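Working notes, beginning with the structure itself.
Where a number appears in this text, it was derived from the coordinates with a stated rule and is not lab data. All values derive from a computational prediction rather than experimental measurement. In this analysis, Cβ positions are derived from the backbone assuming ideal geometry, glycine residues included, and neighbour counts consider all displayed protein chains.
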Amino acid sequence: MFGFLKKDPKKQLEKQYKELLAEAHRLSSTDRQASDAKAAEAEEVAKKLDAMK
């Protein structure tokens, strides 16, 4: 009945991916190691997105 309230998992992963990339970019000027970790985490999310397609 309330199916319209359910979050689309693909959209959630896309949002998480964009946020992680933005955070990695922000960190790139101050803490390269943390930036690389965020970028790697974003790549893992990207792999999950590709698996959903």
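Find out how many positive minus negative residues lie around LYS53, taking Lys and Arg as positive, Asp and Glu as negative, among other residues whose Cβ is under 15 Å from that of LYS53. Display every interim value, and only then the final one.
Working: positive: LYS10, LYS11, LYS47, LYS48; negative: ASP8, GLU14, ASP50.
Taking every Cβ under 15 Å from that of LYS53, the sum is +1.
When you take every Cα atom in the chain, what is the radius of gyration, and what is Dmax, the widest Cα pair distance, in Å?
That works out to 13.8, 48 Å for Rg and Dmax.
³J(HN,Hα) across the range 34-39 via Karplus (A = 6.51, B = -1.76, C = 1.60, θ = phi - 60°), whole Hz, x for Gly/Pro?
The phi angles translate into 5, 4, 5, 5, 5, 5 Hz.
Once you put a point 7 Å from the Cα of LYS10 and another 7 Å from the Cα of ASP50, both along the Cβ direction, what distance in nm separates them?
1.7
Given the chain, what count of lysine pairs have C-alpha atoms under 15 Å apart, with each pair 8 or more places apart or on different chains?
15
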